[in-house]
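Just below is one structure, and these are the notes that go with it.
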């Protein structure tokens, strides 16, 4: 038996296919990948993720994405192209931008739609520009006052004195929570009073900013000569 044939059996064991090229080199199919398996591996190979351009999304989805931007970013986004300019004209986005311009916060009820919110806000700004006060709320003052007043956080503060016959000495303050105009007809105005045992020189409310009311009072110090501090 030829020695080469024995060696060939070791290199190419039974059950494997071998082919020889022109130069006489043999190649075994034992270490090769079948064609169908290679095709399957190429299909199952992980594909690189491809980013989707923003303008390929549906318009309503783009609007929802733009709602997460700040008012300044909404304005900048609307200046990029015609499509985004039209989308930024949505009433919800315009309402956010208009609130930033007017320096107001959204305190309307949840049942009001964005077009209605935008309309009310624009009417409010027009009324302030022309000082067109279409509605008013009248409140009587059933106590004597020294004339010190303040308005903050939707409440009206007014200094009080003991009675109408006493001098211009403030002994406390009263405040009145003002209603919003839609509920003014069904709202009962009620004064709440705070009196001190000493004279009050002045008061300064910062209810919305710090939930605080500062009161400056008089304290009498006993000494050889009567004096007030």
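Which residues, counting only those in region 100-136, are outside the structural domain of residue 67 (by TED's automatic domain parsing) and closer than 18 Å to residue 70 by Cβ?
Within region 100-136, no residue meets the criteria.
Quick one: would you say residue 120 is free of Cβ contacts under 8 Å to residues at least 24 places away in the same chain and either in contact with a helix residue (DSSP H, G or I) (Cβ under 7 Å, 6 or more places away or on another chain) or outside any helix (DSSP H, G or I) (or both)?
no
Out of region 207-229, which residues are modelled with pLDDT under 85 and either assigned to a strand (DSSP E or B) or closer than 22 Å to residue 142 by Cβ (or both)?
The answer is 220, 221, 227, 228.
Look through 69, 96, 61 and report the one residue that is modelled with pLDDT under 95, assigned to a helix (DSSP H, G or I) and over 19 Å from residue 112 (Cβ atoms).
So the residue among 69, 96, 61 that is modelled with pLDDT under 95, assigned to a helix (DSSP H, G or I) and over 19 Å from residue 112 (Cβ atoms) is 61.
From 137, 141, which residue is within 30 Å of residue 201 (Cα to Cα), in contact with a helix residue (DSSP H, G or I) (Cβ under 8 Å, 6 or more places away or on another chain) and assigned to a loop (DSSP other than H, G, I, E, B)?
Just a single option satisfies the conditions, and that option is 137.
For region 144-156, how many residues are touching a residue at least 40 places away in the same chain (Cβ under 8 Å), out of contact with any helix residue (DSSP H, G or I) (no Cβ under 9 Å at 6 or more places or on another chain) and within 17 Å of residue 177 (Cβ to Cβ)?
1
The values are calculated or read from the model by the stated rules, or taken from the named source; none is laboratory data. Everything numeric in this text was worked out from a predicted model, so none of it was measured. Using ideal geometry, Cβ is built from the backbone for each residue, glycine included, and neighbour counts are taken over all protein chains shown.
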